[in-house]
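Only the coordinates and a few stated rules stand behind these numbers; no lab work does. This structure is a prediction, so every number in the text was calculated from the model and none was measured. Every residue, glycine as well, gets a Cβ built from its backbone with ideal geometry; the counts of neighbours run over all protein chains shown.
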Amino acid sequence: MHTVFILGVPVHDVTLDQACEIAERFIAQGGAHQIATVNPEFIMAARRDAGFMHVLSQTALNVPDGIGVLWAARRAGHALHERVAGVELLDGLCAMASTHRWRAFFLGAQPGVAERAAAAMALKYPGLIIAGTFAGSPRAAEQAAIVERLRQAQPQLVFVAYGAPQQDLWLSQVLPLLGPAAPTQVGSETGVCGVGVGGAFDFIAGVQTRAPEWLRQAGLEWFYRLMREPRRWRRQMALVRFVLATLAAMLKST
């Protein structure tokens, strides 16, 4: 995979289809693999948090989620093929899981949302096996109990909606406990992919409405969410800081 470094964070130049194919290979080869959906907020958070930066440097796959990531890569002379949004990656992996009869675990979001998201995916993709759903939290006090749930469920896919960076830090701690010790009676596909999906459950469950396709294509999904949720303005300031940091890095390199 071609890798582009944006303000120190590695981003892999993959399409949605390629990301799903890579996850398929991960699961077939066994072991535990972490996938992150990197957007400008991730990158700015990683610049402040060395632990998060380390996690993103170690993940098996970092997909480009966010029009800002594509913009920064293009400005650096390394155009990426397309945006791979977390909700679309989840959908694509569930579609693939339905053909392989993979087991998927939906973890996170508010109580009841993971169940609704899982039910929607199972209805859309009848071959998908729902291994379990649980809200839980990334708190250390809950980790052992959730790990036991996952070990009992034996999923090939673990979708985690705790928000960044919590979901990604949590996955980096938990996935090593699942891969090598995972039971093998599911079949030859004993690998597990953990994917941080942010607010994807809310969209799939209908809790939140996603921007129309034409706005997404125009790179204005962030604006749509800001109009619907004005309280997000503080989070959106990360986009401004991201643009300024990218431009500053470009000037420094010239």
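Structure above, values below:
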| quantity | calculated |
| --- | --- |
| Rounded FRET efficiency, nearest 0.05, which uses the C-beta distance separating GLU213 from THR3 and R0 of 51 Å | 0.95 |
| Taking segment 11-205 and dividing mean pair separation by its residue count, relative contact order in percent (alpha carbons under 8 Å, at least six apart) | 30 |
| Spacing of the two label points (7 Å from each Cα toward its C-beta) at GLN166 and GLN29, in nm | 3.2 |
| Peptides ranked, highest mean first, by Cβ atoms within 10 Å: ranges 30-38, 190-198 | 190-198, 30-38 |
| Anisotropy class of segment 54-196 from Cα gyration tensor, a/c 1.5 cut | prolate |
| Amide H contacts under 5 Å for ALA161, placed H, 5+ residues apart | LEU107, GLY108, ALA109, VAL197 |
| Distance in nm between pseudo-label sites at GLN58 and ALA95 (7 Å out along the Cβ direction from Cα) | 3.3 |
| Whether segment 98-143 is rounded, prolate or oblate, judged on the alpha carbon gyration tensor where a/c under 1.5 counts as rounded | oblate |
| Long-range amide H partners of ALA60 with built H, under 5 Å | GLN34 |
| Fully extended contour minus Cα-Cα distance, from ALA79 to ARG48, at 0.36 nm per residue | 8.6 nm |
